[in-house]
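Q: Quick one: structure below, then a few questions.
The values are calculated or read from the model by the stated rules, or taken from the named source; none is laboratory data. Just so we're clear, the structure is a prediction, and the values are computed from it rather than from any experiment. Every residue, glycine among them, receives a Cβ derived from its backbone with ideal geometry; neighbour counts consider all protein chains shown. The area values use the complete protein model at the heavy-atom level, side chains included, leaving out ligands, DNA and RNA. Shrake-Rupley method; radii C 1.70, N 1.55, O 1.52, S 1.80 Å.
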Amino acid sequence: AQSVTQLGSHVSVSEGALVLLRCNYSSSVPPYLFWYVQYPNQGLQLLLKYTSAATLVKGINGFEAEFKKSETSFHLTKPSAHMSDAAEYFCAVSDSNTGKLIFGQGTTLQVKP
Amino acid sequence: DGGITQSPKYLFRKEGQNVTLSCEQNLNHDAMYWYRQDPGQGLRLIYYSQIVNDFQKGDIAEGYSVSREKKESFPLTVTSAQKNPTAFYLCASRDRAGQPQHFGDGTRLSIL
């Protein structure tokens, strides 16, 4: 069965610092992987997706993620945090047949001035 | 603009009452999904539908029901059998396999 683990339910960084949100997945087949962001009382917005075309994926708002098969990881990074990045972030793996998403528990990013 | 519309944004349920959450999409997507979000638990799949007039249970379907009579609509009914319905409910749709899901802005359901 597919699963996703996000390490760290809360991450706090200073404005301008590197953002690193960790995601490890389990899948018996090449996965489709996604990162979503959620602001309070809103739906999820797609940040980026991995669909096997390239291991380094660039997304919106300056975020990127690197797919590492040997480590079964898909960590999300941003070189310099902005106050507007404060939100909850979800990593998800998709079932290739049904499209069902299996989500990690989420990581809340706090950005300190 | 194409997108997913969920209504209402806030909903209150009395004991023993069924309530229906609306989800409409104009993206021409075949597949639609309902998720429940609770604090600290991420999102859990309630029901999904890959084609009109067909749907499948997700991980937490007990106490919920759905219908898919039209491609653009996938309403969720929270029945009185769902004893802990207070949560944030999110609807999503997807074009084809491997493509990301697009989400609505959610409905927050509370108990009166």
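Q: Which residues, taken from region B:9-34, are open to solvent by 50 Å² or more (accessible area, probe 1.4 Å) and under 13 Å from B:ASP105 (Cβ atoms)?
A: B:LYS9, B:TYR10, B:GLU24
Q: Also, quick follow-up: If only one of B:THR107, B:THR5, B:THR20 is in contact with an Asp or Glu (Cβ under 7 Å, 6 or more places away or on another chain), more than 20 Å from A:SER96 (Cα to Cα) and at pLDDT 95 or above, which one is it?
A: Working: B:THR107 fails: in contact with an Asp or Glu (Cβ under 7 Å, 6 or more places away or on another chain); B:THR20 fails: in contact with an Asp or Glu (Cβ under 7 Å, 6 or more places away or on another chain).
Being in contact with an Asp or Glu (Cβ under 7 Å, 6 or more places away or on another chain), more than 20 Å from A:SER96 (Cα to Cα) and at pLDDT 95 or above holds for just one of B:THR107, B:THR5, B:THR20, which is B:THR5.
Q: Also, I was wondering about something else. Is there a residue in region A:55-65 that is in contact with a His (Cβ under 9 Å, 6 or more places away or on another chain) and not polar (S, T, N, Q)? Before you say what the answer is, go through the steps one by one.
A: So the first thing to find is which residues in region A:55-65 are in contact with a His (Cβ under 9 Å, 6 or more places away or on another chain), and the list is A:61-62, A:65.
Those left that are additionally not polar (S, T, N, Q): A:62, A:65.
Yes, some residue in region A:55-65 is in contact with a His (Cβ under 9 Å, 6 or more places away or on another chain) and not polar (S, T, N, Q).
Q: Let me ask something else about it. Anything in region A:1-25 that is among the hydroxyl-bearing types (Ser, Thr, Tyr) and closer than 15 Å to A:SER80 by Cβ? List them, or say none. Outline the logic, then answer.
A: Of all residues in region A:1-25, those among the hydroxyl-bearing types (Ser, Thr, Tyr) come to A:3, A:5, A:9, A:12, A:14, A:25.
Across region A:1-25, the qualifying residue is only A:SER14.
Q: Limited to region B:35-51, what total is found for residues that are surrounded by fewer than 20 Cβ atoms within 10 Å (Cβ to Cβ) and of a type in the set (A, V, I, L, M, F, W, C)?
A: Count: 1.
Q: Of all residues in region B:46-78, which are in contact with a Gly (Cβ under 9 Å, 6 or more places away or on another chain) and at pLDDT below 95?
A: Listed by number, the list holds a single entry, B:GLN50.
Q: Moving to a separate point now. Within region A:13-30, which residues are in a strand (DSSP E or B), open to solvent by 30 Å² or more (accessible area, probe 1.4 Å) and modelled with pLDDT under 95? Give the derivation first.
A: So in region A:13-30, the residues in a strand (DSSP E or B) come out as A:13-14, A:19-26.
Next, from what is left, pick out any that are open to solvent by 30 Å² or more (accessible area, probe 1.4 Å): A:14, A:20, A:22, A:24, A:26.
Of everything in region A:13-30, just one residue is in a strand (DSSP E or B), open to solvent by 30 Å² or more (accessible area, probe 1.4 Å) and modelled with pLDDT under 95, namely A:SER26.
Q: I'd like the full set of residues that are of a type outside the set (D, E, K, R), under 30 Å from B:PHE55 (Cβ atoms) and within 13 Å of the chain's Cα centre (by Cα), limited to region A:50-93.
A: From region A:50-93, those of a type outside the set (D, E, K, R) are A:50-57, A:59-63, A:65, A:67, A:70, A:72-77, A:79-84, A:86-87, A:89-93; that's our starting set.
Checking which are under 30 Å from B:PHE55 (Cβ atoms) leaves us with A:50-52, A:74, A:89-93.
Result: A:TYR50, A:PHE74, A:TYR89, A:PHE90, A:CYS91, A:ALA92, A:VAL93.
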